Amino acid sequence: MNAKSSRETLFRVTSALAASSIVFFLGAILVVLFVFSWPSIIYNGTGFLNGRTWDIGNLYSSRQTVHAGFTAAAGAHFGILVFLVGTLATAALALLMAAPVSLGVAVFLTRFAPPFARSPLSVLVELLAGVPSVVFGLWGWAVIVPWVARSLAPFLSSHFGWIPFFAGSAGTGMGLLSSGLVLAVMVVPIITAISRDAIANTPPSLIEQGRALGTTEWEVIRDIILPHARAGILGGIVLGLGRALGETMAILMVSGNALNYLPQNIYNPVGTIAATIVSQLDSAMTDSTGMAVYALAEMALVLFVITLLVNMAAPLVMRISGGIMTLGEAREMGDAPFREAGS
Amino acid sequence: MIEGERLTADTGETGRTLHHPSPLFPRTTLIRRVAAALAMALALLATVITIYPLLNILYLVLRQGIPALSGALFTRNTVGGDMGTTNAGLSNAITGSLLIVAVSLVLAAPLGILGGIYLSEFAPPRIAASLRYLANVLSGVPSIVLGYFGYVVMVVWFGWGFSLLAAAITLTIIMLPYILRATELAMEKVPATLREGSLALGADRSATVLRVVLKAATPGVLTGLILAISLAMGETAPLIYTAGWSDYLPTLQAVHSPVGYLTYVIWTFINEPFAAAHALAYAAALFLIAFILILNVGLRTLVERKSVRS
């Protein structure tokens, strides 16, 4: 082997190792979370997923509870149903608001906006995607929560109380509605970016044929562009869902971080898995049996699996709904966040 | 796939239209024009509701942050800031944030760029497709999950305690997929003629990749790096239980020494009942937003200049 080809082999192997770090990290996260969850998985069993009480127990008691060979503090209960419901409810509420708005923005940016305004408006939407989540949290805390408490919640409660979950007292403003609003603002840029790409991919000849038939711009959008871009739009919504399920800081600052309490209406405080991991780790560290830390690891594992399934579903959803798309093309639609940088 | 029926349903009508004054084509009836105008109004409204929060966030951070600015922010630490002491500053948090991001960039940049080179130049198509997909999946893992992973592995298991290294490695996992994919996408765009020219001149594969293709892809790679930096700078959840928090300047020890950072100030000090603590939180948010805006604007001018020249 001459020096040239051995140098090339070395380069090839080094770069392959660097690329496989992706696989290494994903595998390590899965294995480590599973190993650290194991005591909690055995100790709590299925009660972990359907239990409503989260209580790390009496840390000062001399008695400890032993079950299936693992020890926890006296009176400890680890059930995350409340946080599961909170995670799904905040994400669902956010997507209900964000999906139609994102679609509107994507259509406006590609079809309606005057050409000179398209690029600056796109930049603004991309900048929104760059705002750190803790700053969204700060804004939610300073602006959205007071507005919900003083105006939006009383208005919805008194005029739309007949809609399920809309009746009830406005409370402090920290809760499901504020969390959904802030999350919606955070996922709009993601759904918009992917839908915009999908809309821009509509073959111009199809659009021209539509216009030649004498249709209005709206009819072209409704009958040609949206059916054509359906796959990308749905995929964008699923990716937005993945982001909303895992959001931590903004939720932590506006949700009220409810424990052991299922929200009865959209104004009640909620707790999500992601936010509870942050808010509970401080006290979990003081549990000398370690079970509280293991239980939080199981929570992280549950969140990891949920977001993994959702993100892996995105290309499948695109393929099934798109018809014309191959899985490869569908996967590439998920590249929008990376391509934005490259363009 | 295209619903032709709806498009042609009323072609039987004849008459003048505004846009197409041919009798062959349907009349643009009032109701259709109203529907078109309504659709445009709704799309415009959606755009306004999306841009407004951005402007509102900027307004909030500027209005509350600018009065909090002073030279002392750079020279004093946060000591006592959470107790409402007015002579506290942010120097430990600013230094800490820059230090954590710098170390994670040193770790993530070579991994990401080399990985991107592999995907674009060497990997067999099926392996490249799988790695690409897994990189997208990794970028979708919630940052708190990565933070907890960093906590149990490095802080607890390795016994590093809250430390610079634990924080930087956690952020590396967040930055990696962005740098890797941006590098790959940028290298893919380099025309094959450049590669062929270099090979024809007798350069071997690795020299071609490094000296020709990577060079041509530099703007795209830089874009990925800058995107990753601004992402890492704004992270909080992965740092809370890896970096910990310190009221003092970073010690430069890799392990066993917690580090303060800007985003921590925002979410904890805003919950203190003191105006001085709130001022520090808003000042931290202002620094963060300014840093990210400057990176973004710098990035766009850089990319535009490069693409104009080439």
Residue under question is B:Leu111, and the condition is that it be part of a helix (DSSP H, G or I), modelled with pLDDT of 95 or more and more than 10 Å from chain A (Cβ to nearest Cβ); does it hold?
no
Quickly run through segment B:56-100 and pick out the residues that are more than 17 Å from B:Thr268 (Cβ to Cβ), open to solvent by less than 70 Å² (accessible area, probe 1.4 Å) and part of a loop (DSSP other than H, G, I, E, B).
B:Ser70, B:Gly71
Scan (1) touching a helix residue (DSSP H, G or I) at 6+ places or on another chain (Cβ under 7 Å); (2) open to solvent by less than 20 Å² (accessible area, probe 1.4 Å) for the single condition B:Gly244 breaks and write down its number.
(1)
Would you check if A:Leu183 is closer than 26 Å to A:Leu93 by Cβ, at the interface with chain B (Cβ under 8 Å from one of its Cβ atoms), aliphatic (A, V, I, L, M) and surrounded by 20 or more Cβ atoms within 10 Å (Cβ to Cβ)?
no
Working only within segment A:268-282, note down all residues that are open to solvent by less than 10 Å² (accessible area, probe 1.4 Å) and not in a helix (DSSP H, G or I).
A:Val270, A:Gly271, A:Thr272
Selection status of B:Leu222, under 17 Å from B:Gly115 (Cα atoms), of a type outside the set (Asp, Glu) and surrounded by fewer than 17 Cβ atoms within 10 Å (Cβ to Cβ):
no
How many residues, within segment A:75-93, are in contact (Cβ under 8 Å) with a residue 24 or more places away in the chain and closer than 20 Å to A:Ile41 by Cα?
10
So is B:Ala129 surrounded by fewer than 21 Cβ atoms within 10 Å (Cβ to Cβ), more than 25 Å from A:Pro132 (Cα to Cα) and more than 7 Å from chain A (Cβ to nearest Cβ) or not?
no
Scanning segment A:307-343 residue by residue, the ones that are surrounded by fewer than 21 Cβ atoms within 10 Å (Cβ to Cβ), within 9 Å of another protein chain (Cβ to nearest Cβ) and modelled with pLDDT of 60 or more total 4
Here are some residues: B:Leu164, B:Leu138, B:Leu171, B:Leu134. Which one is open to solvent by less than 30 Å² (accessible area, probe 1.4 Å) and at the interface with another protein chain (Cβ under 7 Å from one of its Cβ atoms)?
B:Leu138
Segment A:297-306, residues that are of a type outside the set (Val, Ile, Thr) and either open to solvent by 30 Å² or more (accessible area, probe 1.4 Å) or at the interface with chain B (Cβ under 7 Å from one of its Cβ atoms) (or both)
A:Ala297, A:Ala300, A:Leu303, A:Phe304
Single unsatisfied condition, A:Gly161 versus (1) assigned to a loop (DSSP other than H, G, I, E, B); (2) surrounded by 17 or more Cβ atoms within 10 Å (Cβ to Cβ):
(2)
Listed residues B:Leu180, B:Leu146, B:Leu185; which is assigned to a helix (DSSP H, G or I), within 11 Å of another protein chain (Cβ to nearest Cβ), buried (at least 23 other Cβ atoms within 10 Å of the Cβ) and in contact with a Lys or Arg (Cβ under 7 Å, 6 or more places away or on another chain)?
B:Leu185
Kindly check whether there is at least one residue in segment A:221-241 that is among the charged types (D, E, K, R), under 24 Å from the mean Cα position of the chain (by Cα) and open to solvent by 50 Å² or more (accessible area, probe 1.4 Å).
yes
Determine whether segment B:196-216 contains at least one residue that is surrounded by 18 or more Cβ atoms within 10 Å (Cβ to Cβ), under 29 Å from B:Val153 (Cβ atoms) and in the same structural domain as B:Tyr178 (by TED's automatic domain parsing).
no
Of the numbered conditions (1) in the same structural domain as B:Tyr248 (by TED's automatic domain parsing); (2) open to solvent by 40 Å² or more (accessible area, probe 1.4 Å); (3) charged (D, E, K, R), B:Glu121 satisfies every one except a single condition; which is it?
(2)
Go through the residues of segment A:209-219 one by one and say whether even a single one is under 16 Å from A:Val105 (Cα atoms), among the charged types (D, E, K, R), under 30 Å from the mean Cα position of the chain (by Cα) and at pLDDT below 90.
no
A:Ser119 - would you say it is modelled with pLDDT of 90 or more and of a type outside the set (A, V, I, L, M)?
no
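The values are calculated or read from the model by the stated rules, or taken from the named source; none is laboratory data. The structure presented is a predicted model; accordingly, all values stated were derived computationally and were not measured. Reconstructed Cβ throughout: ideal geometry from the backbone, glycine too, with neighbour counts over all protein chains shown. SASA here: full protein model, heavy atoms, side chains in, ligands and nucleic acids out. Shrake-Rupley method; radii C 1.70, N 1.55, O 1.52, S 1.80 Å.
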